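Before any comments, here is the structure.
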Amino acid sequence: MKKINLVKLGISIIWDIFDFMFGRIPVLGTLLDMIGGFLAMVLWGKLGVFAFGEVIDITDQLDTYVPSLTLIGIISIIKG
């Protein structure tokens, strides 16, 4: 595996932990979901657009338990 992919995966994991801790706060959670979507696109390209699916949860309660960036990163690395 390329070193750059490990760094990007590490950033994704850190972001998902941050989102897990603070993403349940109303309004802030939605803002974090949008930032996470853009971050996913920067890190993982077109596949990162799926991270914007977290914005659908307007309660900001369920999507914090899904590590979107990490999952997208793993899929992107496997897809290669």
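Identify the residue in segment 57-66 that is surrounded by fewer than 18 Cβ atoms within 10 Å (Cβ to Cβ) and closer than 20 Å to G10 by Cα and, among all such residues, is farthest from the chain's Cα centre (by Cα).
Once the filter is applied, the top-ranked residue is Y65.
For segment 37-65, name all the residues that are among the hydrophobic types (A, V, I, L, M, F, W, C) and at pLDDT below 90.
Matches in segment 37-65: I58, L62.
Restricting attention to segment 21-39, which residues are under 27 Å from K2 (Cα atoms) and touching a residue at least 24 places away in the same chain (Cβ under 8 Å)?
G36, L39
Just the residues that are within 20 Å of G10 (Cα to Cα) and either among the hydroxyl-bearing types (S, T, Y) or within 11 Å of the chain's Cα centre (by Cα) (or both), please, taken from segment 20-41.
F20, L32, D33, M34, I35, G36, G37, F38, L39, A40, M41
Counting just the residues of segment 40-56 that are over 14 Å from S76 (Cα atoms) and in contact (Cβ under 8 Å) with a residue 12 or more places away in the chain, which one comes out surrounded by the most Cβ atoms within 10 Å (Cβ to Cβ)?
E54
List the number of the failed condition for I25; all other conditions in (1) β-branched (V, I, T); (2) modelled with pLDDT under 95; (3) under 9 Å from L69 (Cβ atoms) hold.
With (1) β-branched (V, I, T); (2) modelled with pLDDT under 95; (3) under 9 Å from L69 (Cβ atoms) applied to I25, the lone miss is (3).
In this structure, does G73 turn out to be surrounded by 17 or more Cβ atoms within 10 Å (Cβ to Cβ), modelled with pLDDT of 95 or more and of a type in the set (G, A, S)?
yes
Which residues, counting only those in segment 1-39, are within 16 Å of G73 (Cα to Cα), touching a Ser or Thr at 6+ places or on another chain (Cβ under 6 Å) and not charged (D, E, K, R)?
S12, I13 - these are the residues of segment 1-39 that are within 16 Å of G73 (Cα to Cα), touching a Ser or Thr at 6+ places or on another chain (Cβ under 6 Å) and not charged (D, E, K, R).
The values are calculated or read from the model by the stated rules, or taken from the named source; none is laboratory data. Please read these numbers as outputs of a predicted model, since none were measured by experiment. Cβ sites come from the backbone with ideal geometry, for glycine too, and all protein chains shown count toward neighbours.
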